[in-house]
Amino acid sequence: TQISLIGAPTDIGAGARGASMGPEALRVADLGPVIEAQGFDVIDRGNLYGPANPWLPPQNGYRHLAEVAAWNKAVHDAVYAELGLGRLPILLGGDHCLGIGSISAVARHCREAGKKLRVLWLDAHADFNTHALTPTGNIHGMPVACLCGYGPAEITGMSGQTPDIEPGWVRQIGIRSVDQGEKQLVHQAGLEVFDMRYLDEMGMRATMDAALAGLDADTHLHVSFDVDFLDPGIAPGVGTTVPGGPTYREAQLCMEMIADTGLMRSLDVVELNPALDERNKTAEVAVDLIESLFGKSTLMRRGS
Ligand code: ARG
Ligand code: MN
Ligand code: MN
Ligand code: MN
């Protein structure tokens with residue numbers, strides 16, 4: 001497999017400044033070489049361009065809608081191009097609003113290739129708000145809703161079809177912060193959420209078995225890794241920390257079980273905020289976990 005790193009240095013959808021520095025922090029933590037050491041060819045495509053962050057208050061329930069749309073268009077085109085070349089794109093965010101561009105591109109690619117799509121959404125948050133439900137107006141709280149067709153024209157249907165994806169294609173893991181109105185929409189849409197209560201009761205192994213159930217060789221597995229998925233004790237460098245997330249060990253098992261499927265064909269790494277980090281430690285933890293996602297294991301497994 002050939003891998004392409006795509007940087008999207010923006011915090012346009014977030015409520016704190018700084019995720020715009022995420023791509024470089026991941027590079028400084030050696031993301032490319034670490035993946036290469038697992039036996040992959042890696043090309044770093046550099047960074048995309050987009051509008052600066054004007055840091056304005058929300059209008060009609062959205063903050064920076066036009067700028068969010070422009071960034072997502074750039075991400076969509078870049079991710080779609082890499083998939084067309086048969087490569088595995090890794091989107092280096094940037095905040096999680098960029099999941100709209102990335103996953104709409106994956107959806108378009110899968111539709112054209114006749115592949116099924118499964119999206120694993122690793123996050124503390126459901127990111128299923130709408131302009132009417134959001135307490136903040138920050139569009140990084142809305143990407144799953146937009147992809148499922150609940151959103152404004154500017155950022156829905158980017159794959160060429162609305163909705164871009166079905167809620168039934170998504171599995172959310174690690175969720176522990178869902179806003180009041182958002183909860184009802186999650187329930188109404190039928191999103192499958194493995195929240196922290198589920199993880200506490202069942203453990204990471206049974207959770208991942210359930211989240212990965214039903215995959216086959218015709219499934220494209222997309223992983224959208226919001227770094228705030230992790231417990232803030234190991235990953236303080238994010239804008240929206242929520243206590244009580246997966247430990248380092250639990251997160252490692254999560255990544256290893258995804259790697260074992262051999263089906264991951266695209267990845268987002270988002271919400272890393274170096275302005276809030278401690279000597280790049282969150283970037284380093286993220287890179288350690290991504291190393292496992294690309295197959296690092298302590299002993300030989302699967303005949304490797
Ligand atoms: N639910 C909150 C909101 O809508 C927080 C969203 C956080 N999302 C994220 N991708 N970190 O503002
Ligand atoms: Mn998120
Ligand atoms: Mn989050
Ligand atoms: Mn390391």
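The values are calculated or read from the model by the stated rules, or taken from the named source; none is laboratory data. What you see is a predicted model; the values in this text were computed from it and never measured. When we count neighbours, we look across all protein chains shown, and the Cβ atoms used for this are built from the backbone with ideal geometry, even at glycine. These accessible areas exclude ligands, DNA and RNA; they are computed on the full protein's heavy atoms, side chains included. Shrake-Rupley method; radii C 1.70, N 1.55, O 1.52, S 1.80 Å.
A few comments on the model shown:
Yes or no, residue by residue, for (1) within 24 Å of PRO274 (Cβ to Cβ); (2) within 16 Å of ligand 4 (Cβ to nearest atom); (3) open to solvent by 40 Å² or more (accessible area, probe 1.4 Å); (4) not in a helix (DSSP H, G or I):
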{"site": "ILE3", "(1), (2), (3), (4)": "yes, no, no, yes"}
{"site": "THR10", "(1), (2), (3), (4)": "yes, no, no, yes"}
{"site": "ARG17", "(1), (2), (3), (4)": "yes, no, yes, yes"}
{"site": "PRO33", "(1), (2), (3), (4)": "yes, yes, yes, no"}
{"site": "PRO57", "(1), (2), (3), (4)": "no, no, yes, yes"}
{"site": "GLU67", "(1), (2), (3), (4)": "yes, no, yes, no"}
{"site": "ALA70", "(1), (2), (3), (4)": "yes, no, yes, no"}
{"site": "HIS76", "(1), (2), (3), (4)": "no, no, no, no"}
{"site": "LEU92", "(1), (2), (3), (4)": "yes, no, no, yes"}
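- No other residue among ILE35, ILE12 is touching a Phe, Trp or Tyr at 6+ places or on another chain (Cβ under 9 Å), within 16 Å of ligand 3 (Cβ to nearest atom) and not small (Gly, Ala, Ser) apart from ILE12.
- Put simply, of GLY149, GLY160 the only residue that is in a loop (DSSP other than H, G, I, E, B), touching a residue at least 24 places away in the same chain (Cβ under 8 Å) and surrounded by fewer than 24 Cβ atoms within 10 Å (Cβ to Cβ) is GLY160.
- Residues that are part of a loop (DSSP other than H, G, I, E, B) and of a type in the set (Gly, Ala, Ser) within segment 213-248 comprise ALA213, GLY214, ALA217, GLY233, ALA235, GLY237, GLY239, GLY244, GLY245, listed in sequence order.
- Qualifying residue in segment 196-217 (condition: within 17 Å of the chain's Cα centre (by Cα) and open to solvent by 40 Å² or more (accessible area, probe 1.4 Å)): no
- Among the residues of segment 257-304, the one identified as over 15 Å from LEU31 (Cβ atoms), part of a helix (DSSP H, G or I) and charged (D, E, K, R) is ASP260.
- Pairs meeting the criteria (first residue in segment 12-32 and in contact (Cβ under 8 Å) with a residue 40 or more places away in the chain and more than 16 Å from ligand 2 (Cβ to nearest atom), second residue of a type in the set (A, V, I, L, M, F, W, C) and open to solvent by 10 Å² or more (accessible area, probe 1.4 Å), beta carbons under 8 Å, at least 6 apart or on different chains) are ARG17/TRP55; ARG17/ALA275; MET21/ALA275.
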